[in-house]
Amino acid sequence: MKKVNVAIVGATGLVGQTFLKVLEERQFPINHLFLLASSRSVGKKIEFAGKVYTVEELTPDSFNKDIDIALFSAGGSVSKKYAPIAAAHGIRVVDNSSAWRMNDKIPLVVPEVNANVLTEDDYIIANPNCSTIQCVVPLQVLHKAYQIKRIVYSTYQAVSGSGVKGLRDLESDIQGERVSFYPHPIAYNCLPHIDDFLDNGYTKEEMKMVNETRKILGDNNLKITATTVRVPVRFGHSIAINVELEHPFELEEVVEKLRAAEGIVVVDDVANNEYPLALCAEGKDEVFVGRIRRDFSVENGLNLWVVADNIRKGAATNTVQIAQQLLKYL
């Protein structure tokens with residue numbers, strides 16, 4: 001396989017560091033690696049695949065180099081400024097921020113679900129929100145087989161979804177040293193508040209899940225509501241999904257379809273207290289599904305408990321999987 005030149009934008013951040021780990025694990029065919037970050041990180045040394053690389057400052061000139069693919073995770077404002085510059089140089093950009101997700105001209109991709117939307121003409125590809133990613137992997141299976149009518153999301157999201165600041169806040173709160181990145185203590189607490197509140201009473205995180213799910217599943221008529229909650233867990237988002245389907249189903253058939261789907265591990269043996277746990281998902285790339293049961297309060301109702309590592313499958317791994325899909329166009 002031809003080796004390619006890869007740039008990491010936001011290389012010193014939590015997701016950027018995980019990009020490197022996943023790229024190495026998957027033996028991504030890298031010829032040369034460019035590590036880009038803000039001026040604060042310039043000169044830092046990072047080892048990758050037995051070589052030591054030096055972090056360079058991200059500037060508009062960073063993309064004058066021979067780069068094939070750039071993986072971005074440095075925030076929306078950085079992506080809005082620099083992704084078009086990179087794309088104009090013929091570089092394929094996979095962006096982990098929210099900057100491009102709802103742009104009609106930009107594909108929003110979870111490879112197990114909708115890799116088919118990628119084309120040779122795509123130079124900016126959006127990576128979805130972490131909580132959306134792990135939900136649409138099993139939901140695509142249900143939508144294809146039974147057609148989804150309505151979705152209710154209730155999330156239990158790890159502090160690492162807020163990056164290093166969230167992790168630091170949890171550790172500080174546990175030690176009794178209030179840092180106040182979050183508006184309230186997160187240790188021994190749950191905060192029904194992720195991202196800013198909007199005029200409609202929802203948060204940005206909740207509306208991301210609503211809008212991104214519709215775009216990825218290719219159905220703007222889906223009825224979706226969400227409540228997103230930050231919980232004192234380091235890594236791994238847990239999400240209760242209630243689904244109302246258009247067509248009747250046999251529960252055993254649903255379970256088998258989920259077992260057979262790419263990227264899903266079914267953990268559902270309640271007699272032995274086996275169900276998906278954030279601790280068990282940490283460091284893994286799969287989406288774990290369990291507590292699969294009928295919702296008897298509505299016709300064709302179904303409940304799922306879905307867990308995934310938000311920094312891996314919810315960010316870095318999904319981004320690298322998209323990059324793997326792009327190799328065929330290089």
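The values are calculated or read from the model by the stated rules, or taken from the named source; none is laboratory data. Because the structure is a prediction, the values reported are computed rather than measured. All Cβ positions, glycine included, derive from the backbone under ideal geometry; neighbour counts span all protein chains shown. When the accessible area is computed, the model is the full protein with side chains, heavy atoms only, and any ligands, DNA or RNA have been set aside. Shrake-Rupley method; radii C 1.70, N 1.55, O 1.52, S 1.80 Å.
For the reader, a short list of remarks on this structure follows.
- Mean separation of Cα pairs under 8 Å and 6 or more residues apart, divided by the residue count, gives the range 187-330 a relative contact order of 22 percent.
- Under-5 Å amide H pairs with residue 203, H placed in peptide plane, nonlocal only: 198
- Mean separation of Cα contacts under 8 Å, 6 or more apart, over the residue count of the range 1-156: relative contact order %: 18
- Theoretical FRET efficiency, 1/(1+(r/R0)^6), r = Cβ-Cβ of residue 45 and residue 65, R0 22 Å, to 0.05: 0.70
- Dividing the mean sequence gap of close Cα pairs (under 8 Å, 6+ apart) by how many residues the chain holds gives a relative contact order of 18 percent.
- Listed by chain and number, the aspartates and glutamates placed with their C-alpha closer than 13 angstrom to that of residue 81 are 61, 95; residues fewer than eight positions away on the same chain are left out.
- Phi to ³J(HN,Hα) by Karplus 6.51 cos²θ - 1.76 cosθ + 1.60 over the range 225-237, Hz, x for Gly, Pro: 9, 8, 10, 10, 10, 8, 10, x, 10, 6, 10, x, 8
- Counting only aspartates and glutamates at least 8 places from residue 44 when in the same chain, those with an alpha carbon closer than 17 Å to its own are 56, 57.
- Helix 317-326 axis, angle to the chain major axis (alpha carbon atoms, nearest 10°): 70
- Under the Karplus curve 6.51 cos²θ - 1.76 cosθ + 1.60, θ = phi - 60°, whole-Hz ³J(HN,Hα) for the range 247-256, x wherever Gly or Pro sits: 10, x, 8, 9, 4, 4, 5, 4, 4, 5
- Each residue of the range 260-275 was assigned a 3J(HN,Hα) from its phi angle through the Karplus curve 6.51 cos²θ - 1.76 cosθ + 1.60 (θ = phi - 60°); the sequence is 7, 7, 5, x, 10, 10, 8, 10, 8, 9, 5, 4, 10, 6, 9, 7 Hz, with glycine and proline shown as x.
- Three-way shape call for the range 132-224 based on the alpha-carbon gyration tensor, with the a/c threshold at 1.5: prolate
- Label-point separation in nm, residue 197 to residue 104, each point 7 Å along Cα→Cβ: 3.3
- q = 0.08, 0.09, 0.15 Å⁻¹: log10 I(q)/I(0) that the Debye formula gives for the chain, counting C-alpha atoms only: -0.37, -0.47, -1.27
- Checking the cross-link pairs 105/223; 2/208; 144/208; 105/165 against a 27 Å limit on the alpha carbon distance flags 2/208; 105/165 as lying beyond it.
- Percent accessible area from carbon and sulfur atoms, the chain, protein chains only, probe 1.4 Å: 47
- Average accessible area per residue (Å²) across the range 1-74 - probe 1.4 Å, nucleic acids and ligands excluded: 49
- Label sites at residue 121 and residue 25, each approximated as a point 7 angstrom past Cα along Cα to Cβ, lie 3.6 nm apart.
- Cα gyration tensor, the range 52-174 - rounded (a/c under 1.5), prolate or oblate: oblate
- With the cut-off at under 17 Å, measuring from each backbone N in the range 49-78 to a point 7 Å along the Cα-to-Cβ line of residue 329 picks out 67-72.
- Accessible solvent surface per residue of the range 170-291, calculated while the other protein chains remain in place, 1.4 angstrom probe, Å²: 54
- Value of [θ]222 nm, deg cm²/dmol, for the chain, DSSP H segments ≥ 4, -39500 (n - 2.57) each, nearest 500: -8500 deg cm²/dmol
- When chymotrypsin sites (Phe, Trp or Tyr not before Pro) are flagged only if DSSP places them in a loop and at most 13 other Cβ atoms lie within 10 Å, the longest unflagged stretch of the chain comes out as 1-187.
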